[in-house]
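Notes follow once the structure below has been shown.
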Amino acid sequence: MNPSKIVNIADMREAARRRLPKVVFDYMDGAAEDEVGKARNASGFRDITVTPRYLVDVAERSQRTEIFGQTFASPFGLGATGMANVVWPDADVALAEAAAAADLPFTLSTAASSGIEEIAAKVPDHFWFQVYAQRDRNVTGDLFQRAADAGAKVLMVTVDTPIPAKRERDIRNGFILPLKLNLRHIADAARRPGWSWQFIRNGAPKFETIARYADPNASAQSLAAFIASQVTPSLTWDDVGWMRDAWEGPMVLKGLTSVADCELAKTHGCDGVLLSTHGGRNFDTGPAPISVLPAVRQAVGDDMVVMLDSGIRRGSDIGKAIALGADFCLVGRATLYGVAAAGRAGVDRSIAILQDELDRFLGQSGNPDILTLQQADISHPAIDQ
Ligand SMILES: Cc1cc2nc3c(=O)[nH]c(=O)nc-3n(C[C@H](O)[C@H](O)[C@H](O)COP(=O)(O)O)c2cc1C
């Protein structure tokens, strides 16, 4: 990676695209069906304007933010991304350590290549865990217990994946789990020697967090089948009640965009919601989280944490979300592109780009402190009608 050529997250995406075989890049970059949901996430941010206020002293600027009793360097963390190690060996470790070094939280996915215990030991003060409720409640309960024992500060329960999504790039490319390269992939991988050597040396990524629940002698294929079989289409609010009882710390429902669902999350005792469309990867038809944020904030009031992800590619996107009432944001691909392009150095660079852009956003909009942003003069299609 040549840092002088990586000026923004779009450059980082391009650097990742050049380094990865198409089948891997498309797994990371792709979304569901026509990918209009993914595009809507991006245009949702673009359609918002913030009118700057001048003649305000912005010599000192702070983006430090408190969430669930802990203060972080910025109002964003790294979201859960399963199978990240397919883009770089030990990508989970690079992402987690870069987050902790920047004093930001890192969320480990249930579908991560690395284990709960390994990552928690490396970044104990910055460790959040994302759980997919499993068909077998005992497995879910055990995941909760392990996350609690490992000291996870926040539990994110992802609810936006009742059934598998139709990701057409993956279907066309023949992307299957565990990743197996067919002849077409191998021809492409040959033009990507950096990634290919790493893949040959390290093999296909594992599922350290979840693999222990399958038959220990299971082949890679039957492990993948086991993991798929654990996705449950029957999760309901009753299960949320059960999970609330089973987890003592802060619990956030991830993947909501309906105001009514956010209100239900509150009445079911959740501490927060993460407005998200999984980066457009699941339901192509849903609204951009940023477009529903003002209504959600109004409905749930100030005593519930509202977080947001999906489509964040600029520090100003984070600023806009905070100005519209979010308490915190998560990024998915922005830092994944970084690790895919250059490992730990790439994640560091993605984080630094977002922090620098948010700092400029604060200075230029006349908000020396992130805390004053919620009074910013903001124009948003959903609240301007
Ligand atoms: C490659 C990839 C894998 C993901 N895996 C998970 C996952 O295992 N669990 C989960 O809750 N969300 C997962 N997500 C969704 C992210 O947590 C997040 O919601 C999304 O990436 C945000 O959108 P953005 O990529 O536009 O920032 C994944 C996203 C990507 C790109």
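Values in this text are rule-based calculations from the coordinates and carry no lab data. Not measured: the values here are computed from a predicted model. Virtual Cβ from ideal backbone geometry, glycine too; neighbours counted across all protein chains shown.
Checking the a/c ratio against 1.5 first, then a/b against b/c, what shape does the Cα gyration tensor give for region 167-213?
In terms of gyration-tensor shape, oblate.
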Fill in: 5 angstrom amide H check on residue 274, placed H, neighbours 5+ away
253, 254, 255, 256, 307
Practice prompt. May I ask you to evaluate 6.51 cos²θ - 1.76 cosθ + 1.60, the Karplus curve with θ = phi - 60°, for each residue of region 205-211 and list the ³J(HN,Hα) values in order in whole Hz, giving x for glycine and proline?
Written response: x, 9, 10, 5, 6, 10, 4
Worksheet entry | Phi-based couplings in Hz for region 21-37 (Karplus 6.51, -1.76, 1.60; Gly and Pro marked x) | x, 4, 4, 7, 4, 5, 4, 6, 8, x, 8, 7, 6, 7, 6, 6, x
Discussion item. How much of the DSSP bridge set in the chain is antiparallel, in percent, rounded to the nearest 5?
Written reply: 20
Item to complete: Before rounding to the nearest 500, sum -39500 (n - 2.57) across all DSSP H runs of length at least 4 in the chain and divide by the residue total; then give [θ] at 222 nm in deg cm²/dmol.
Response: -13500 deg cm²/dmol
Fill in: Largest-first principal axis extents of the Cα set of region 120-212 (Å)
44, 32, 22
Discussion item. Over the chain, what is the relative contact order in percent, taking alpha-carbon pairs closer than 8 angstrom and at least six residues apart?
Written reply: 29
Fill in: Interchain or long-range residues, amide H under 5 Å from residue 76's placed H
329
Practice prompt. Just rank 232, 285, fewest to most, by other beta-carbon atoms within 10 angstrom.
Written response: 285, 232
Worksheet item: Exactly which GluC sites (Glu not before Pro) in region 1-88 are in a DSSP loop and have at most 11 other Cβ atoms within 10 Å?
Response: 60
Worksheet entry | Under Karplus coefficients 6.51, -1.76 and 1.60, residue-wise ³J(HN,Hα) of region 157-164 in Hz, glycine/proline x | 9, 7, 10, 9, 10, x, 9, x
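Using the Kirkwood radius over Cα pairs, work out the Stokes-Einstein diffusion coefficient for the chain at 10 °C and 1.306 mPa s, in µm²/s as a whole number. Before the final figure, lay out the partial values.
Details: Rh = 21.1 Å.
Rounded to a whole number, D works out at 75 µm²/s.
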Worksheet item: Once amide H atoms are built 1.01 Å from N in the peptide plane, which residues 5 or more positions from residue 110, or in another chain, come under 5 Å H to H?
Response: 130, 132
Practice prompt. State, in angstrom, two size descriptors of region 161-315 derived from its alpha carbons: Rg to one decimal place and Dmax to the nearest whole number.
Written response: 19.6, 55
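In a shell of Cβ-Cβ distance under 11 Å around residue 65, excluding residue 65 itself, what net charge do Lys and Arg (+1) and Asp and Glu (-1) give?
So the environment of residue 65 carries a net charge of -3.
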